[in-house]
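> To start, I am sharing the structure in question, which I have written as structure tokens.
Values in this text are rule-based calculations from the coordinates and carry no lab data. All figures in this text were calculated on a predicted structure; none of them were measured in a lab. Cβ placement follows ideal geometry from the backbone for every residue including glycine, while neighbour counts extend to all protein chains displayed.
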Amino acid sequence: MLILTKAVLAMMIGFILSVITGLIAIPLLRKLKIKQKVSIFLSKKHKEKNGTPTMGGIIFIIPTLVTVFILLLMDKMQFSENLFIVILVFVLYGILGFVDDYLSIKRGHNEGLTELQKLFGQLVIALIFFYIFMKSGSQPIFDVHTLGIKINMGWFYGIFLLFILVASSNAVNLTDGLDGLAGGLSLIAFLAFALISWNSKYVTGSEDIAIFCFILVGSLFGFLLFNTHPAKVFMGDTGSLALGGTLASVAVITSHEITLIIVAGVFVVETLSCIIQMLSVRFAGKKVFIMAPLHHHFEKLGWDERDVVKIFWTVGMLLSMAAIAFGVWI
């Protein structure tokens, strides 16, 4: 019962602060003319979203950090090195996304940092994560508890971790293309990892990492009040990079990298659709999808945006339930 109470308290505070932040931030973003420039390749309905405030990731990033601080002061959470690593990744990827969004707005088009600059920033943050993670006493071991697999990867473990963090942050970034899509899928994913983390008793600070995830779930609930169709604000790279990187860091710290692939299954498919499209155009000279990522393909087929989001959410929920069974119950 104490666990349930802590989870509810964490989500409730995160939700309330997120709603308050949204009510303050959205008018401020409009006043500062921090608006999204929609791609010319998207449908007419998307072009109607031109001028919608962006950088909305602050609506769940700030409340999450404030809530963690409040619970630490109330002695409802214990500060650990692993919790510090997760929060650091959350903040650094958020800052990287903020810089990208800021440059996009300043230049008046949908391009901020170049792909190379963004990749370099992601790699630097991933290297910081790897350095602190290994200095905390972690071993370069790939461990799948459910299947009884334990492999010492040696130096290759560093490359493995870099790939996971960069791939995850990019995957959420690519999926952020419809109202509520990335936010809802992230909420489902962090809810799954909150439960998985709580069960990872072998990890120092596992309960507090779980509480962090529950706080973020509450904050994302609040954000979705403003981000679901028709969106009053977009999370921007500020939010999507922070969510993707943090999701990966929690998976790595709790030794659930394989579980991450299941939980983030929709994000993975969205990313694969972009890779397949790019390779097909380059080497075969034709498209596999009408438009990538996959959610835009369904839109081009005539599906309503809200239906695409609901179906993707449903698939994400089913995959997360399977992942919880795999990572916790079985």
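> I'm checking a number: the convex hull volume of the Cα atoms of the range 91-164, normalised per residue, in Å³. What is it?
Spread over its residues, the Cα hull of the range 91-164 gives 113 Å³ apiece.
> Where is the GNM fluctuation largest for the chain (alpha-carbon springs, 10 angstrom cutoff): G154, G244, G121?
Evaluated over the chain, the most mobile residue of the options is G154.
> Of the candidates F156, F312, F84, which one comes out as most mobile in a Gaussian network treatment of the chain with C-alpha springs shorter than 10 Å?
So, out of F156, F312, F84, the one fluctuating most is F156.
> Let me know the Kirkwood hydrodynamic radius for the range 256-330, please, with Cα pairs as the basis and the value in Å to one decimal.
About 13.6 Å, per the Kirkwood formula over Cα pairs.
> Cut-off 10 angstrom, C-alpha nodes, Gaussian network model of the chain. Which of M11, M291, M317 fluctuates the most?
M291
> May I pose another question? Rounded to the nearest 500, what is the 222 nm mean residue ellipticity of the chain from helices alone, with -39500 (n - 2.57) per DSSP H run of 4+ residues and division by all residues?
Rounded to the nearest 500, it is -23500 deg cm²/dmol.
> With just the Cα atoms defining each centre, how far is the range 247-287 from the range 46-83? Give it in Å.
Rounded to whole Å, the Cα centres lie 25 Å apart.
> So, one more: Hey, which of these cross-link pairs are over 23 Å Cα-Cα: K118/K232; K33/K300; K49/K118; K201/K310; K31/K106?
Cα-Cα > 23 Å for K118/K232; K33/K300; K49/K118; K201/K310; rest within.
> A further question on this structure: Please give me, ordered by residue number, the trypsin sites (Lys or Arg not before Pro) of the range 261-295 that lie in loop per DSSP and have at most 16 other Cβ atoms within 10 Å.
K286, K287
> Work out the length of the dipole vector of the range 173-330 about its Cα centre, built from +1 on the beta-carbon of each Lys and Arg and -1 on the beta-carbon of each Asp and Glu, and round it to the nearest 20 debye.
My answer is approximately 340 debye.
> In nm, what is the difference between 0.36 nm times the number of residues separating N152 and L116 and their Cα-Cα distance?
9.8 nm
> Once you have the Kirkwood Rh of the chain from its Cα pairs, apply Stokes-Einstein at 4 °C and 1.567 mPa s and quote D in µm²/s.
My calculation gives 65 µm²/s for D.
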